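**Student:** One structure, pasted below without further comment.
The values are calculated or read from the model by the stated rules, or taken from the named source; none is laboratory data. As the structure is a prediction and not an experimental result, all values here were calculated from the model. So basically every Cβ, Gly included, is an ideal-geometry build from the backbone, and we count neighbours across all protein chains shown. Surface accessibility is based on the protein's heavy atoms, side chains included, excluding ligands, DNA and RNA. Shrake-Rupley method; radii C 1.70, N 1.55, O 1.52, S 1.80 Å.
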Amino acid sequence: MTIRPILIHPDPRLKKRCDPVTEITDELRRAADDMLQTMYDAPGVGLAGPQVGLMKRILVMDCVKDPDAAPKPMVLINPEITWSSEAVNTYEEGCLSIPEQYAEVTRPAEVAVRWLTLDGTAEEERFDGLWATCVQHEIDHLDGKLFIDYLTPLKRQLITRKMQKLKREQARL
């Protein structure tokens, strides 16, 4: 497994809609393993393909926060939301592609999601709490949408400027 570099906003790849996965290959399975390793190392609870330059509809997540609980790594290929609750939750979201920036985002409190597993099996599950927020955030990435797109233009611009400055500093090092 390899820890992959995470793209930092603004990067044009983060704003592109990803292509569906048409074939589950060993290369895709290795990429999923790398993505999980990268997510855990960051550390984060979710990571989408475009964040590591993989422009396919694949995401990984593990929202188990309790250090005494077993991790629950999930790989979702071609995920789609099939149902959303009318009830909403507001969470302070962050993003591995927008480090150290957080903002409150309101999303449906529960969602049902259908996806393919790494062995090609179709699955569907209902998510709530942090899991629901995470899966919606990561599916947004697959559609070229970032959590800052839910903010006011001024807040979005301030965060984007901070990320541009961070990228300039990283380039100097």
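**Student:** Per residue, how much accessible surface does the chain expose to a 1.4 Å probe? Answer in Å², no decimals. Can you show the working numbers first?
**Tutor:** Working: 9460 Å² over 173 residues.
Roughly 55 Å² per residue, with all protein chains present.
**Student:** Right, here's the next one. Which of the peptides 106-114, 10-18 is most tightly packed, and how do the rest follow, judged by the mean count of other Cβ atoms within 10 Å per residue?
**Tutor:** By packing density, highest mean first, the sequence is 106-114, 10-18.
**Student:** Same structure, new question: So, R0 is 45 Å and r is the distance between the beta-carbons of residue 89 and residue 172; what FRET efficiency does that work out to, to 0.05?
**Tutor:** On the way: r = 40 Å, r/R0 = 0.88.
Efficiency for this residue pair is about 0.70.
**Student:** For the stretch 11-147, give the percent of accessible area contributed by carbon and sulfur heavy atoms, probe 1.4 Å, rounded to a whole number.
**Tutor:** Here carbon and sulfur together make up 46 percent of the probe-accessible area.
**Student:** Hey, another quick one. For Kirkwood radius over Cα pairs in Å, which listed value, [x] 18.2; [y] 17.4; [z] 16.5, comes from the coordinates shown?
**Tutor:** From the options [x] 18.2; [y] 17.4; [z] 16.5, the structure gives [z].
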